[in-house]
Amino acid sequence: MSELKKIKDEFLSKLKESSDLSEINKIKSELFGKNGLISLQFKKIGIIAESERKQFASDLNVIKDELQNLINLKIDKVENLEINKKLEKEKVDITLPERSFVRGKIHPVSQTIDEISSIFSEIGFSVEEGPDVENEYNNFTALNTPDNHPARDMHDTFYLDEKKQILLRTHTSPVQIRTMLKDKPPFKIIAPGRTYRSDSDQTHAPMFHQVEGLHIDKNINMGHLKGCLNYFIKEFFEVDKIKMRFRPSHFPFTEPSAEVDIGYEMKDGKIIVGEGDKWLEILGCGMVHPNVLKNVKINPKNFQGYAFGIGIDRLAMLKYGINDLRSFFDCDYRWLNHFGFDPLDVPTNYRGLSR
Ligand code: PHE
């Protein structure tokens, strides 16, 4: 016992004095390692006189447990101390004033896209996407606009190859084709995105934004289209009444087709929506042409529907009183600061769209 007690006393004082993990681990291996003092004592059990063996083994186990427990406790204590020291050092004083930094603004076009998506999602539309670089088939042929169709010239297309097979999409309508080829009807989707035409003046830019809408199901008619657009325009402008007119028009991929204008007036150089006698065209729409449905292997006798393409930039101009489309794409920081939106104020229908 006296030898065991000596070991115990010696290591207890060593343990008391040690204050870092590597020291404690060293003590641990000096005791319990392969040639550790306690391990060696265990080897002695076999050669000790039989009369003393039982007592010795029992004492040895008691001391072993005691030392092991003490070492583990000490390790916990030192680890805790180290964590606390680290926490103390890395403490953040949240009462300090914020560092001055310039917060970015959300571009009115991005804000408008978020608003539009939010409004349509309320009535069951989901969002689809397609690429800016399209093939000629999706952009024209599948949309009932074959080669040499006069509508192709009207689009002022940017072609990307000599064979005129690859182009920058001139509208978001190719997403109709992509969506209908991918899945089976019914469809109820919108597809916002960039579109391109070689055109530039106060109300046209070579790159602009559209949102496509497509609703295909059984027995969908022009009344559904009007109801849907009426709901959308009112929600978007956050008013109960709006001046809106449907003008007969022509698109190869819809029959019948219409264009929709919104009534507005100019007051002190600002646009006021819903009053006055000026009209701004904001969208094209119609019932999806049976040939388009056939091109995506849908039987037009079983499924019908409507489609629309809204000019996003023009909607944003009307809503936020911006009178030159080109200013959207000037990248003028002062302009963005004035017309931009707080990034944390994401538009939702229940909280209001454009505070
Ligand atoms: N794609 C047409 C355009 O860009 C708009 C449109 C979309 C018309 C869907 C009808 C149906 O002018």
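Side notes on the structure shown:
- Area accessible to solvent at C331, 1.4 Å probe radius, in Å²: 120
- Computed about its Cα centre, the charge dipole of the chain is approximately 1120 debye, with only Lys, Arg, Asp and Glu carrying charge at their Cβ.
- Dipole of the chain [Lys/Arg +1, Asp/Glu -1 at C-beta], most positive-end residue of P192, P174, S58: S58
- For the residues E136, E122, E82, a GNM of the chain with alpha-carbon springs under 10 Å puts the largest fluctuation on E82.
- Whole-number accessible area per residue in Å² for region 2-89, which is evaluated in the context of all protein chains at 1.4 Å: 71
- Contour excess over end-to-end distance, with Cα ends at N230 and K44 and 0.36 nm allotted per residue: 57.4 nm
- A straight Cα-to-Cα reach below 16 Å connects K26 with the aspartates and glutamates E10, E17, D76, E79, residues fewer than 8 places away in its own chain not being considered.
- Fluctuation leader among K91, K319, K243 - the chain, Gaussian network, Cα springs under 10 angstrom: K91
- Accessible surface calculations at 1.4 Å, restricted to protein heavy atoms, place region 94-135 at 63 Å² per residue.
- Its Cα gyration tensor gives region 1-147 an equivalent ellipsoid; the semi-axes, largest first and in whole Å, are 76, 27, 14.
- Cα-based radius of gyration of the chain once divided by 2.2 N^0.38 Å, which approximates compact folds: 1.85
- Selected from V127, V62, V211 as most flexible by GNM, with the chain as the system and alpha-carbon contacts under 10 Å: V62
- Average 1/r across all pairs of distinct alpha carbons in region 2-89, invert it, and you get the Kirkwood radius: 14.3 Å.
- In the context of the full protein assembly, K164 retains an accessible surface of approximately 110 Å², using a probe radius of 1.4 Å and ignoring ligands and nucleic acids.
- Among 272-283, 176-187, 40-51, sorting by the average number of other beta carbon atoms lying within 10 angstrom of each residue, highest first, gives 176-187, 272-283, 40-51.
- Region 224-355, relative contact order in percent, only Cα pairs under 8 angstrom and at least six apart counted: 17
- Portion, in percent, of the accessible area of the chain that falls on carbon or sulfur, probe 1.4 Å: 52
- The dipole here belongs to region 251-336: it is taken about the Cα centre, uses +1 on the Cβ of Lys and Arg and -1 on the Cβ of Asp and Glu, and is about 480 debye.
- From its DSSP helices (H runs of at least four residues, each -39,500 (n - 2.57)), the chain gives a residue-normalised ellipticity at 222 nm of -13000 deg cm²/dmol.
- Kirkwood-type radius of region 155-292, with distances r between different C-alpha atoms, in Å: 16.9
- Convex hull volume of the C-alpha atoms in region 160-216, normalised per residue: 83 Å³.
The values are calculated or read from the model by the stated rules, or taken from the named source; none is laboratory data. Owing to the predicted nature of the structure, the values given are computational and were not obtained by experimental measurement. Don't worry about glycine lacking a Cβ; one is built from the backbone with ideal geometry, like all the others, and counts go over all protein chains shown. These accessible areas exclude ligands, DNA and RNA; they are computed on the full protein's heavy atoms, side chains included. Shrake-Rupley method; radii C 1.70, N 1.55, O 1.52, S 1.80 Å.
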